[in-house]
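**Student:** To start, I am sharing the structure in question, which I have written as structure tokens.
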Amino acid sequence: MKVNAVPRPPGFAHALVHADDTAELVRRVAPVAAAADRDTGAQIALAVSAEAEQALRAELADCSGGIGRLTTLTRSARESGQTVAAWRARELRALSSSGRPVFVVAQHDPDLDGIDGGFWIELEAALNISLDGLPVTQLCVYPRIPLHGAVGDAALANHPLQLRGEQLTANPASRPPAEVLAALPFAPPHLLGPPDVQLQYNTFELSRVRDAVEEAARACRFDPVRSEDMVQAVNEVATNAVEHGSPEAALSVWSRPGELVCEVHDTGSIPLALIGLAPPHPSRPRGRGTWIARQLCDSLHVWRAPDGTHVRLLVRA
């Protein structure tokens, strides 16, 4: 897979909307979506419940730009807010490449709150990075009192705009992603058992990493293209680990039919785990490895731990 970074025009608007049921969601969001269609020719994209989608489609049936649904996320993506943000950026970058802006309606799903609300905190902060510069307006619909209190607090902090009436207005409670996430522990997507392969490596032993991943991909029965994707993705992350993290790093590999998980660990520390979400500027010769890896994987999750930095990559055949 060939990945090219492209310059990003200004444009992302990220707004919070409060609605406690489907009827209120439609009443608040539909007029703004219709205006975006009428005034800018925006494409409307939905990431909402089936009930809300049906109601919005009925209300917006006359929109000339059409209404689409954003791709349903895989289980592995839904376990990582930063992975969802990378997926959304990839899809919305493709949609907006037509020259028409995109108007997104997204809805909070309490099933993804988890024990600490971390998924939504991470996702909304990551969207502010991954969608920065795209001609996208996204209305994020949350109940006034979410089941998890931290979700509501972070929703206010992560949205620079709020919908008041039919106008998007500045939200004085918003904060930068790094500040929002400073106290959030980035846990792994899920615990795994003992790895099938584990090796230590340094800068001069990166070929061992590539060989181990290539052999594991064959065991998972990947086709040559998908195998190459995973080898390249892990190589980018593994190289970053020994160049910027610590002189020596570790690779762990879990293989199963049709799925390969690799985890790279170094003892260094990073200030913000949301790396590789924004495409690098073409003039920068370095600093694009993690972004490339995110484009090649079904899931890539970075987290901090007392023993250093971990990056978990997952690819399905």
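**Student:** If I take all pairs of Cα atoms in the stretch 233-280, what percentage of them are more than 11 Å from each other?
**Tutor:** The proportion of pairs with Cα distances above 11 Å equals 72 percent.
**Student:** Taking the simple approach of a point 7 Å from Cα along Cα-to-Cβ for both R57 and V197, what is their distance in nm?
**Tutor:** 4.4 nm
**Student:** Taking every DSSP beta bridge with both residues inside the chain, roughly what % is antiparallel (nearest 5)?
**Tutor:** Of the beta bridges lying entirely in the chain, close to 60 percent run antiparallel.
**Student:** Another question, then. When a/c reaches 1.5 or more, the comparison of a/b and b/c decides; with that in mind, is the stretch 240-317 rounded, prolate or oblate per its Cα gyration tensor?
**Tutor:** It is oblate, given that a/c is not under 1.5 and a/b is not larger than b/c.
**Student:** In the stretch 75-91, which residues have a backbone nitrogen under 15 Å from the label point lying 7 Å from R256's Cα in the Cα-to-Cβ direction?
**Tutor:** Only 75-77, 79 pass the distance filter.
**Student:** Could you let me know the centre-to-centre spacing of the stretch 101-158 and the stretch 223-237, using Cα atoms, in angstrom?
**Tutor:** 31 Å
**Student:** May I pose another question? Considering only protein heavy atoms and a probe of 1.4 Å, how much of the accessible area of the chain is carbon and sulfur, as a whole percent?
**Tutor:** Carbon-and-sulfur percentage of accessible area, whole number: 54.
**Student:** With every protein chain kept in place and ligands, DNA and RNA left out, what is the accessible area per residue of the chain? Probe 1.4 Å, answer in Å².
**Tutor:** 45 Å²
**Student:** Calculate how large, on average over all directions, the projected area of the Cα convex hull of the stretch 35-118 is; give the answer in nm² to one decimal.
**Tutor:** Across all orientations, the stretch 35-118 yields a mean hull projection of 6.0 nm².
**Student:** Treating each Cα of the stretch 101-164 as an identical point scatterer and ignoring solvent, apply the Debye formula and state log10 I(q)/I(0) at q = 0.15, 0.17, 0.19, 0.20 Å⁻¹.
**Tutor:** Values, matching the q order: -0.45, -0.58, -0.71, -0.79.
**Student:** Beyond 26 Å, how much of the Cα-Cα pair distribution for the stretch 26-167 remains, as a whole percent?
**Tutor:** So the pairs more than 26 Å apart make up 20 percent of the total in the stretch 26-167.
**Student:** Loop sites only, by DSSP: take the trypsin sites (Lys or Arg not before Pro) in the chain that have at most 15 other C-beta atoms within 10 Å and name the longest stretch containing none of them.
**Tutor:** Here the longest run is 3-143.
**Student:** Assign one of three labels to the stretch 135-277, namely rounded, prolate or oblate, based on the Cα gyration tensor with a ≥ b ≥ c the square roots of its eigenvalues; rounded applies when a/c is under 1.5, prolate when it is not and a/b is larger than b/c, and oblate otherwise.
**Tutor:** prolate
**Student:** Provide the net charge surrounding T203, with neighbours chosen by a C-beta distance below 13 Å and charges set as Lys +1, Arg +1, Asp -1, Glu -1.
**Tutor:** Taking every other residue near T203 into account, the sum is -3.
**Student:** Largest first and in whole Å, what are the equivalent-ellipsoid semi-axes of the chain based on the Cα gyration tensor, each being the root of 5 times an eigenvalue?
**Tutor:** Equivalent ellipsoid of the chain: 36, 20, 18 Å, largest first.
The values are calculated or read from the model by the stated rules, or taken from the named source; none is laboratory data. What you see is a predicted model, and the numbers here were worked out from it, not measured in a lab. Ideal geometry is used to build each Cβ from the backbone, glycine not excepted, and the neighbour counts take in all protein chains shown. Note: accessible area is taken over every heavy atom of the protein model, side chains too, but ligands, DNA and RNA are not part of it. Shrake-Rupley method; radii C 1.70, N 1.55, O 1.52, S 1.80 Å.
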